[in-house]
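The structure under discussion appears below in the form of structure tokens.
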Amino acid sequence: MDPVRTEVMKNRFAAIVEEGSSIAYRTAHTTFVKMTQDYQVALATPEGEYFAYPYMSGVTNFIGLSLRATIREIGVENMSPGDIVICNDPFGSEGMCTHTMDIHLLKPIFHGARIVGFAWAFIHASDVGGAVPGSISPTSTDVFQEGIRMRATFLYRKGELNEQLLMIFRDNCRIPDQNWGDLQAMIAALKTMERRLVELCDKHGVEEIEGGIRDAMDFAEMKARSVIAAIPDGEWVFGDYLEGVRNPEDTIFVQARMTVRGEEVWLDFTGSDPQVQAALNFVTGDSSHPFLGLAIINYVLTMEPDIPINNGIIRPIHTHAPKGTIANAVFPAAMGNRWVTVMRVFDAVLGCLNQALGGGPVTAGAGQGGIILCAFKDPATGLRKASVVQPLIGGSGGRSSADGIDGVDGPFGFLRSTPVEAIEVDTPLIIRRFALQPDSLAAGYHRSGAGVVIDMENTDVEVLFTVRGLDRFVLRPWGTNGGHAGTTGRAILNPGREDERDIGKIKVLEIGYGDVLRMMTPAGGGYGDPLDREVDRIMADLRSGLLSRGRAESDYGLVFAGDAVDEAATADRRRALRAARGPVAAFVYGPERDAHDRIWPRALRAKLAERALTLSPALRNHMLDDVRDSLRAADKTVDEAVLDAAVAAWIARHGAMRGREKTDRVAAE
């Protein structure tokens, strides 16, 4: 590795993709791209591995994504200068596309007759057709309900636009002009990156550029290995839960097993639940996928902030999720709401990392990314228009070195809030309130970030809302090292009025003229013993309005004398509280999760998932749900014998039922 060439080339490559990202961002049409930043570009090797990825704008969570399957489906031998490939098929791309709303473009970059790389871009399309405006409903049961799905094919062939393909795409979405505008922004970025890379090849020679690519990726791999090598060798297991889509009291289990040996880490998600008949699944294929390794990737980026951003980072990170599980689904799984599952995968790996590091870098954050979308009728045409209103995230967990971040969770740091003025111009909504939520801070030596509250008033006859990515409405984000568990989310229609009602997670909601929808996000858990937090930091939160005096007394043990803190009395009270509480817990889940775990120990919940996966796909969810619910209703701790008996009884009963149905059908024929 030539250190001078490596430094020069990694900076050149970074400049190219940052320029491309800026072009896509500033020329896009839809709110979700031009304001919220759900898009990205990159440069990839001829084999389909990113060697340059932006980090100043756009989505930062696709580092490590592979384009191999899509390139293989087209075949490099079939590509020509001027080609652009389009794809939004998660199955054929083996997880490059993570749901149908993400539209990917690939452009081969030729130098002479030789492909020297690929320019890549994606946008989250605000609508690609399907059952609901915005194409995403948490209750979708298969991919057919989630809009048009295109295998990898040529949008441009030798510079000529495939008009017929474009018309098929335009005719099957609700906002064709806006989507085409976003695609044109992506194409402009692809062409710019192509031109810049060809200029580099002309200046330095193809062999020198290819050497620079190898060096930049090897350097990133070396840096990543150095971070992983500092994690103690060993094996750790952690489980976390998604809440059910139709019944929040249901649970969907995600388990991570992290094994560290030397400079490499293995993440195995065996024991996670089978894919579900809801839009929570995603595809990760057979190779390492960034959605499974995101917590480790982020940890590497935290520890080595100057690392080149490319796929070298993921080389020492090996991931595996069994096919048919929620983290590696198979056709025809619905995936529109998949990011909430990615967040729970992130939390499960983070739980392993916290154990490995004796506390870890950060505790669980809000754990959701609620993307609010509204649909309304165009006054001129009467047709429904769809527009993203706001990404609603929530506060991050407390960190090992600092408090959590208000209103933002780590894996969503790239998403920007939509300006209120833009919302009110583009939609019939008036934003009555958009603020940090008081008393949503989870106590800890380093407290969590605050949650967010938004009040939206409808000024039209009707507005249809869909909100994807909601979770943590029942089970709180966990705290670490004695830090308190976080707060849960809520959604309330017409707060403060006689017709006020708590509506829980929003799937598809229609509201009338003058109705107000209030949404409150979860907030992450606290980090460290709150009784150790310095009084001046607690008082700063009081002065900010984010912490009430009552919570300062109950969570932190403060004793007030008038408006001042009685420090001697506070010290006495804290000593008494410590003595009554005993040692701090490594993980603090909150009463709801504690009640759940009393019935379902983690190892038994993982065994239930593995037993379900041995059945035919048609039976897996039925068996798991029935056994889970019946043993939960029994309100006794499940042991291995009880679980084995319940599963055997279910299989015997339903096997007999299916046998009777077959006998009856044959007799009728």
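The values are calculated or read from the model by the stated rules, or taken from the named source; none is laboratory data. This structure is a prediction, so every number in the text was calculated from the model and none was measured. Neighbour counts run over all protein chains shown; Cβ positions are idealised from the backbone, glycine included.
Has the stretch 419-426 got any residue that is of a type outside the set (D, E, K, R), surrounded by 23 or more Cβ atoms within 10 Å (Cβ to Cβ) and not in a loop (DSSP other than H, G, I, E, B)? Taking every residue of the stretch 419-426 in turn, at least one turns out to be of a type outside the set (D, E, K, R), surrounded by 23 or more Cβ atoms within 10 Å (Cβ to Cβ) and not in a loop (DSSP other than H, G, I, E, B). Could you list, ordered by first residue, the pairs with Cβ atoms under 8 Å in which the first is in the stretch 416-435 and without any contact (Cβ under 8 Å) to a residue 60 or more places away in the chain and hydrophobic (A, V, I, L, M, F, W, C) and the second is surrounded by 13 or more Cβ atoms within 10 Å (Cβ to Cβ) and assigned to a helix (DSSP H, G or I), at least 6 apart or interchain? Filtered contacts from the stretch 416-435: 429/423; 430/424; 431/420; 431/423; 431/424; 434/420. Sub-6 Å Cβ pairs linking a first residue in the stretch 495-514 that is among the basic types (Lys, Arg) to a second residue that is surrounded by 12 or more Cβ atoms within 10 Å (Cβ to Cβ) and not in a loop (DSSP other than H, G, I, E, B), at least 6 apart or interchain, are 501/493, ordered by first then second residue.
Of the residues making up the stretch 515-538, those that are in contact (Cβ under 8 Å) with a residue 40 or more places away in the chain, of a type outside the set (Ser, Thr, Tyr) and touching a strand residue (DSSP E or B) at 6+ places or on another chain (Cβ under 7 Å) are 515, 516, 517, 518, 519, 520, 522, 523, 524, 525, 526, 528. Return yes or no: is residue 13 assigned to a strand (DSSP E or B), at pLDDT 90 or above and surrounded by 18 or more Cβ atoms within 10 Å (Cβ to Cβ)? Here the answer is no, as residue 13 does not meet what is asked. Listed by first and then second residue, the pairs with beta-carbon distance under 8 Å, at least 6 apart or on different chains, first residue in the stretch 225-241 and hydroxyl-bearing (Ser, Thr, Tyr), second part of a loop (DSSP other than H, G, I, E, B), are 226/263; 226/304; 241/475.
So which of 211, 234, 205, 262 ends up being surrounded by fewer than 19 Cβ atoms within 10 Å (Cβ to Cβ), over 28 Å from the mean Cα position of the chain (by Cα) and not assigned by TED's automatic domain parsing to the domain that holds residue 134?
Working: 211 fails: not assigned by TED's automatic domain parsing to the domain that holds residue 134; 234 fails: over 28 Å from the mean Cα position of the chain (by Cα); 205 fails: not assigned by TED's automatic domain parsing to the domain that holds residue 134.
On inspection, the qualifying residue turns out to be 262.
If we scan the stretch 596-605, do we find a residue that is among the basic types (Lys, Arg), farther than 17 Å from residue 329 by Cβ and surrounded by fewer than 17 Cβ atoms within 10 Å (Cβ to Cβ)? There is at least one residue in the stretch 596-605 that is among the basic types (Lys, Arg), farther than 17 Å from residue 329 by Cβ and surrounded by fewer than 17 Cβ atoms within 10 Å (Cβ to Cβ). You will find that of 324, 312, 336, 365, the residue that is of a type in the set (Gly, Ala, Ser) and within 24 Å of residue 261 (Cα to Cα) is 312 and no other.
Yes or no: the stretch 114-124 includes at least one residue that is within 30 Å of residue 320 (Cα to Cα), modelled with pLDDT under 95 and either crowded, with 22+ Cβ neighbours inside 10 Å or of a type in the set (A, V, I, L, M, F, W, C) (or both). Within the stretch 114-124 (the criterion being within 30 Å of residue 320 (Cα to Cα), modelled with pLDDT under 95 and either crowded, with 22+ Cβ neighbours inside 10 Å or of a type in the set (A, V, I, L, M, F, W, C) (or both)), the answer is yes, since at least one residue qualifies. When restricted to residues that are of a type in the set (A, V, I, L, M, F, W, C) and within 22 Å of residue 59 (Cα to Cα), the stretch 360-385 contains 6.
Mind listing just one residue for me: the one in the stretch 221-231 that is aliphatic (A, V, I, L, M) and within 13 Å of residue 297 (Cβ to Cβ) and, of those, surrounded by the most Cβ atoms within 10 Å (Cβ to Cβ)? Show your work before the answer.
Within the stretch 221-231, the subset aliphatic (A, V, I, L, M) is 222, 224, 227-231.
So of that shortlist, the ones also within 13 Å of residue 297 (Cβ to Cβ) come out as 224, 227-228.
On the way: 224: 27, 227: 20, 228: 19.
Step by step, filter the stretch 221-231, then rank; the result is 224.
How many residues are in contact (Cβ under 8 Å) with a residue 12 or more places away in the chain and either outside the structural domain of residue 72 (by TED's automatic domain parsing) or not in a loop (DSSP other than H, G, I, E, B) (or both) when one looks only at the stretch 143-176? Spell out how you get there, then give the answer.
First, the residues of the stretch 143-176 that are in contact (Cβ under 8 Å) with a residue 12 or more places away in the chain: 143-160, 165-166, 168-169, 172-175.
Of the ones still in play, those that are also either outside the structural domain of residue 72 (by TED's automatic domain parsing) or not in a loop (DSSP other than H, G, I, E, B) (or both) are 143-146, 153-157, 160, 165-166, 168-169.
Of the residues in that region, 14 qualify.
For the stretch 624-669, the set of residues classified as modelled with pLDDT of 85 or more and more than 18 Å from residue 599 (Cα to Cα) consists of 648, 649, 650, 651, 652, 653, 654, listed by residue number.
Here's the yes/no breakdown for (1) over 15 Å from residue 310 (Cα atoms); (2) surrounded by fewer than 24 Cβ atoms within 10 Å (Cβ to Cβ); (3) of a type outside the set (D, E, K, R); (4) assigned by TED's automatic domain parsing to the domain that holds residue 180:
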{"residue": "9", "(1), (2), (3), (4)": "no, no, yes, yes"}
{"residue": "26", "(1), (2), (3), (4)": "yes, yes, no, yes"}
{"residue": "32", "(1), (2), (3), (4)": "yes, no, yes, yes"}
{"residue": "36", "(1), (2), (3), (4)": "yes, yes, yes, yes"}
{"residue": "49", "(1), (2), (3), (4)": "no, yes, no, yes"}
{"residue": "73", "(1), (2), (3), (4)": "yes, yes, no, yes"}
{"residue": "91", "(1), (2), (3), (4)": "yes, yes, yes, yes"}
{"residue": "94", "(1), (2), (3), (4)": "yes, yes, no, yes"}
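You will find that of 126, 140, the residue that is out of contact with any strand residue (DSSP E or B) (no Cβ under 6 Å at 6 or more places or on another chain) and touching a residue at least 24 places away in the same chain (Cβ under 8 Å) is 140 and no other.
Going by what's in this entry, would residue 179 be described as surrounded by fewer than 21 Cβ atoms within 10 Å (Cβ to Cβ), in contact (Cβ under 8 Å) with a residue 40 or more places away in the chain and either within 22 Å of residue 34 (Cβ to Cβ) or of a type outside the set (Phe, Trp, Tyr) (or both)? The answer is no for residue 179.
The number of residues in the stretch 485-527 that are at pLDDT below 95, β-branched (Val, Ile, Thr) and assigned to a loop (DSSP other than H, G, I, E, B) comes to 2.
Need a quick list: helices (runs of 4 or more DSSP H) entirely within the stretch 531-587 having at least 1 residues that are among the aromatic types (Phe, Trp, Tyr). Steps first, please.
Details: elements: 535-544, 549-556, 567-581.
Hits in the stretch 531-587: 549-556.
If you check 271, 285, 312, 293 for being outside the structural domain of residue 63 (by TED's automatic domain parsing), farther than 25 Å from residue 523 by Cα and assigned to a helix (DSSP H, G or I), only one passes: 312.
A quick yes/no check of all residues on (1) in a loop (DSSP other than H, G, I, E, B); (2) without any contact (Cβ under 8 Å) to a residue 12 or more places away in the chain; (3) within 20 Å of residue 137 (Cβ to Cβ):
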site	(1), (2), (3)
348	no, no, no
351	no, no, no
368	yes, no, yes
372	no, no, yes
397	yes, no, no
403	yes, no, no
408	yes, no, no
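In contact with a strand residue (DSSP E or B) (Cβ under 9 Å, 6 or more places away or on another chain), under 30 Å from residue 517 (Cβ atoms) and not basic (Lys, Arg): does that describe residue 369?
Values: in contact with a strand residue (DSSP E or B) (Cβ under 9 Å, 6 or more places away or on another chain): yes; under 30 Å from residue 517 (Cβ atoms): yes; not basic (Lys, Arg): yes.
Answer is yes for this residue.
Reported count of residues in the stretch 75-89, each being in contact with a helix residue (DSSP H, G or I) (Cβ under 8 Å, 6 or more places away or on another chain) and surrounded by fewer than 19 Cβ atoms within 10 Å (Cβ to Cβ), is 0.
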